[in-house]
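Quick note: the coordinates plus some simple rules give every number you see, no bench work behind them. Note that the coordinates shown come from a computational prediction; the quantities given were computed from them, not determined experimentally. Ideal geometry is used to build each Cβ from the backbone, glycine not excepted, and the neighbour counts take in all protein chains shown.
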Amino acid sequence: MAVITASQCGERATGAEWAWFVYTVDGQAVAELTEARSRALGFDLRGPATAKFEIDGHSLQGAGLLELACDLYVYRDRELLFRGRLGSTDDDLSADQHTTSWTAVDYRGMLDTRIYEIDTTYTNLPQADIAWAAVMIAQDGPGGPLGITRGPLQPAPVARTELVEADTRVDEALDRFQDYADGFEWWIDPELRFQAYTWRGISRDDFPLAWGTTATAIRRSYDTTRFANWVRVRGGRPEGADQDTPEPFADRSANLAIRPEGRIARTVNNSDLKDQAAVNAAADQLLADSLNPPATYAVTLRPGIWRGAGDLWLGDTAPFVLRSGRLDIATTARVNQLDIALGDNGDETVALTVGTE
């Protein structure tokens, strides 16, 4: 782990100090990116975090950067917000300039590069242990260690039986739990600790999201393709069953005769559901979700109001007020994404994507 001293902090702008450092994966210092431009960070409740920047292709700071062999550390006011592996690049050359664009992905995203090499069955084990076993598989064997350690794992104390087939990506196996009843949300923090909770985040009544006060811009989106009032879930044949054994399925509907929309159907195939009880539960949940798909809101915060992860972060809930024209909303919103764009002079634009309850 790189240790940043007070004298190494980056530039101050809009009340915040930002510092972007690159180290080799074994901890050797490469560069402080004081010449980086178009810097941006993106954090996702259900996916990997990313960091992006551009640098002059002739810059000495960029000379030692290597795809897949260096880690980027991003600090805001000495708080480590992001650590990830440098990955994809674009080099754009013209008559008078050479610009290299870099993207780094955090260590949740790194689990996309690791697979189960053989079919693996977990029988009646606590789901927290199954999850950590998946991370251990990701780090097993030559070239496997990523430095991920076991952090707090506090999902619901549910025992599960899981079959993970060979060639399944480790992140894909872990993502299954996010959709299970009594499943969990998981992430790998910048200190490379694997964490899992039934529900990530806390209630932040002290940070309301309100149009015209804390929020300078809001975009509301409602996707009707996610609505359905008739659903079918089809599972997979149990292990060892012959081809004549029908796949379990379940249909659910809601007051079709009186629904003003008429029948709107949605089907889901999930071969991981091997028995009728699991298919029934999935169909019940799918209908409940499909009858009330939430609107999403892109919220741009007033400059300077957000002061770091301690103010509002992924999974946190906050009061949400939007009153304008046909919209009269006063409810609670949960942070699903958080994006930070840094101007070349260091000013911050912080935008949230939230869903209302």
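Taking Cβ atoms as reference points and 14 Å as the exclusive limit, the residues near Leu72 contribute a net charge of 0, counting Lys and Arg as +1 and Asp and Glu as -1. Report, in degrees rounded to the nearest 10, the 0 to 90 angle that the Cα long axis of helix 127-138 makes with the longest principal axis of the chain. The two axes meet at around 50 degrees.
Seen against the Cα atoms of the chain and their longest principal axis, helix 276-291 is set at about 60 degrees.
Remark: segment 225-313 is approximated by an ellipsoid whose semi-axes, taken from the C-alpha gyration tensor as √(5λ), come to 37, 21, 9 Å, largest first.
Each label point was placed 7 Å from the Cα along the Cα-to-Cβ direction; for Ala241 and Thr225 their separation is 3.1 nm. In a DSSP loop and with at most 15 other Cβ atoms within 10 Å, the GluC sites (Glu not before Pro) in segment 23-104 are Glu35, Glu67. The candidate values were (1) 39, 29, 18; (2) 28, 26, 18; (3) 30, 26, 20; the one computed from these coordinates for semi-axes √(5λ) of the Cα gyration tensor in Å carries the label (1). For segment 34-99, applying the loop criterion from DSSP together with a ceiling of 16 other beta carbons within 10 Å to the trypsin sites (Lys or Arg not before Pro) yields Arg46, Arg78. By DSSP, the beta bridges lying fully in segment 225-291 are antiparallel in about 50 percent of cases.
Of the GluC sites (Glu not before Pro) found in segment 153-215, those in coil by DSSP whose Cβ has at most 15 other Cβ atoms within 10 Å are Glu165, Glu191. Computed over segment 6-106, the range of Cα coordinates on each principal axis works out to 39, 31, 27 Å, biggest value leading. For the chain, modelled as a Gaussian network with Cα springs under 10 Å, which listed residue fluctuates most, Ala95, Ala166, Ala278? Of the options given, Ala95 has the highest mean-square fluctuation.
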